[in-house]
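Contents: one structure, followed by commentary.
The values are calculated or read from the model by the stated rules, or taken from the named source; none is laboratory data. Here the structure is a predicted model, which is why all the values come from computation and not from measurement. Counting neighbours? That spans all protein chains shown, and the Cβs are built from the backbone with ideal geometry, glycine included. Each accessible area value is taken on the protein alone, full model and side chains, heavy atoms only, with ligands, DNA and RNA left out. Shrake-Rupley method; radii C 1.70, N 1.55, O 1.52, S 1.80 Å.
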Amino acid sequence: QVQLVESGGGLVQSGGSLRLSCAASVAFFNMRIMAWYRQAPGKQRELVAAFTTSGSTDYADSVKGRFTISRDNAKNMVYLQMNSLKPEDTAVYYCNLAGPTTWPWGRGTQVTVSS
C-alpha cells in the first residue's frame, strides 16, 4: 500500500521560506510523476507544483517564481522549496501523483504564513 508522509510545515512570517518534504513508500518511484497540492480552509485542494511527463516542472500562476519542486529518486523523496511566502499561501500541503489518478492522501503538513 502506498504511503505518503509530508513534513516541514510550520509558522513563518510573510516573506519567509520553508522547505517541505514528502516521503513516498512506493515501488518504481523514479517513474512516478509527482506533484504538490494544497488546501486552504474552506477551499478545494489545488495543484501548486508538478513534474511533467517530459521531466520538466510546472507551477500554478500564484506560486510561479517563488516555489520550486524537486526530487531525490534514490531516497523516494519529493521536495517543495517555498520562498517569499505570503499569507495566502497558508494551507495544508500534500504530495501525490500529478493526476488524474492519485494515491490515498497523506495527512499533509500545515503551512501558516503570518502577515
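A few remarks follow.
- Fraction of accessible area attributable to carbon and sulfur, the chain (%, probe 1.4 Å): 49
- Loop-resident sites, region 1-100, for chymotrypsin sites (Phe, Trp or Tyr not before Pro), counting at most 14 other Cβ within 10 Å (DSSP): Phe28
- Rounded to the nearest whole Hz, the Karplus-based 3J(HN,Hα) values (6.51 cos²θ - 1.76 cosθ + 1.60, θ = phi - 60°) of region 85-102 follow the sequence 5, 10, x, 6, 7, 4, 4, 8, 9, 10, 10, 5, 5, 6, x, x, 7, 10, with x at glycine and proline.
- Partner aspartates and glutamates for Lys75 [C-alpha distance under 20 Å; skip if fewer than 8 residues away on the same chain]: Glu6
- A Stokes-Einstein calculation at 37 °C with viscosity 0.692 mPa s, built on the Kirkwood radius of the chain over Cα pairs, returns a diffusion coefficient of 234 µm²/s.
- As a calculated quantity, the FRET efficiency between Ser56 and Asn83 at R0 = 25 Å, using C-beta atoms, amounts to about 0.80.
- Separation between Cα centres of region 48-71 and region 1-36, rounded to whole Å: 13
- Within straight-line reach of Lys64, meaning a Cα separation under 19 Å, sit the following lysines at least 8 residues removed in sequence or on another chain: Lys86.
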